[in-house]
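So the structure is just underneath, and the comments pick up after that.
The values are calculated or read from the model by the stated rules, or taken from the named source; none is laboratory data. Please read all numbers here as calculations on a predicted model, not as lab measurements. Neighbour counts are summed over all protein chains in view; Cβ atoms, including those assigned to glycine, are modelled from backbone coordinates with ideal geometry.
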Amino acid sequence: MLDVRGRCTCCDRCASTSTAARVARRRVLKAAVFRPEDGPASGSPSPGSGGLPEPGELPRTIMGRIVDVSPHILVVSHGGTETRLTLTADAAAWRGGQVDPAGLFPGDLAVVRLQPSQRSVADRIWANIGRVTGTIIERNGKTLVVNAGRTRNTEVVLVPSRAASRIQVRFPNLEPGYLIDVIGLRREDCLEALVPATSQPAYRVSRLPAPPLVSGHVPDAISGSATWHEPSGEPYGLLGVSYPALDPDAGCAEEPPEGPVPGFARMPYLSVGSLLLIRNDCTATSCVLPVTGCAPVARLFNDRCLTCGTSPRGRVADLSLGSFVALGGELERGCFNATITIGR
């Protein structure tokens, strides 16, 4: 697990932490999904096998408030502890767009990825970044009210004039009943949408198309799109993944009253606490992460990720912010092409 202050513990032991143990109820339903004689797919390492990076080889992530910033130094505070980081000429920052790191402001909420070989040097910084994914339930001019899920607060999204054209190229239907997924600057009372995270599905949520019919066994490795979400009731710096097909018996609080929504990617049911090997196909970085929650909203999208080539349709993982960054994801891009392998 990557500590929020840069200290590192083994990421493939996350399932044994108190957080995972508290929510873990059932393990992978092996017999219902896999044949006993099945082995790992060719070229797809199973969790715990060789070929995975050592914890020290993965990027570390720090999240906190900026206390001070200069052309060469960044100071980030969290929980009364301050971390002093060096800014090199290669450091990059995002604050609604690409900016010089020295252009960030004290008080900004920052997510900092450190250089793997130099743990006191900032590699990439995102300031006040936020994301809203869900169903539009109300529109009033430039302001949208979005249902982001049953366990999340209703979100208010402001689409400013300077970003409206860019967003509406990919989200032409900013009307109630349509899905939205946007990235922007987090304000006190809303998200200022600046970047479309994907392309809007053409259907209303009430008219989801039926997923394709399939037969046979679910493959060991499943490819699709991996996204990220803002923390909501999660421990600070949690490394984990919300899974789009949580076992119905686990009682996912996010499920709609009428029951689970069929997803577009073919995925087996898993339980909280199950282990997934997540691979960023764009950077070839992999890590074993525990399932820490459900992601039924992800099943509503049949989009593709275009970060490096074109992924198969469907979202296969909704990563915590820290996990997404640790695996080499760029937050403003919204996704990376991913392959998941289910722990045995």
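Quick notes
- Those residues of the stretch 300-312 which are among the charged types (D, E, K, R) and either in contact with a helix residue (DSSP H, G or I) (Cβ under 9 Å, 6 or more places away or on another chain) or under 11 Å from Ala338 (Cα atoms) (or both), in sequence order: Arg304
- Number of the exception - Tyr269 against (1) surrounded by 23 or more Cβ atoms within 10 Å (Cβ to Cβ); (2) hydroxyl-bearing (Ser, Thr, Tyr); (3) over 11 Å from the mean Cα position of the chain (by Cα): (1)
- When residues of the stretch 293-317 are limited to those that are part of a strand (DSSP E or B) and at pLDDT 90 or above, the one surrounded by the fewest Cβ atoms within 10 Å (Cβ to Cβ): Val316
- When Gly273, Gly259 are checked against the criterion of being over 29 Å from Gln98 (Cα atoms), modelled with pLDDT of 85 or more and part of a loop (DSSP other than H, G, I, E, B), a single residue qualifies: Gly273.
- Lone unmet requirement of (1) surrounded by fewer than 19 Cβ atoms within 10 Å (Cβ to Cβ); (2) modelled with pLDDT of 95 or more; (3) touching a Lys or Arg at 6+ places or on another chain (Cβ under 8 Å) for Ser199: (2)
- Within the stretch 119-141, residues that are closer than 30 Å to Ser206 by Cα sit with their Cβ atoms under 7 Å from residues that are among the small types (Gly, Ala, Ser) and part of a strand (DSSP E or B), at 6+ positions apart or across chains, in these pairs: Gly130/Gly184.
- Residues of the stretch 107-118 that turn out to be under 14 Å from Met63 (Cα atoms) and either exposed (fewer than 14 other Cβ atoms within 10 Å of the Cβ) or hydrophobic (A, V, I, L, M, F, W, C) (or both), as a count: 6
- Residues in the stretch 233-251 that are modelled with pLDDT of 85 or more and of a type in the set (Ser, Thr, Tyr): Ser242, Tyr243.
- Tally, over the stretch 318-344, of residues that are among the polar types (S, T, N, Q) and either under 21 Å from Thr61 (Cβ atoms) or not in a strand (DSSP E or B) (or both): 3
- Flag if Thr83 is polar (S, T, N, Q), at pLDDT below 95 and either within 21 Å of Glu230 (Cβ to Cβ) or touching a His at 6+ places or on another chain (Cβ under 7 Å) (or both): no
- Residues that are loosely packed, with under 12 Cβ neighbours inside 10 Å and not in a helix (DSSP H, G or I), drawn from the stretch 152-173: Asn153
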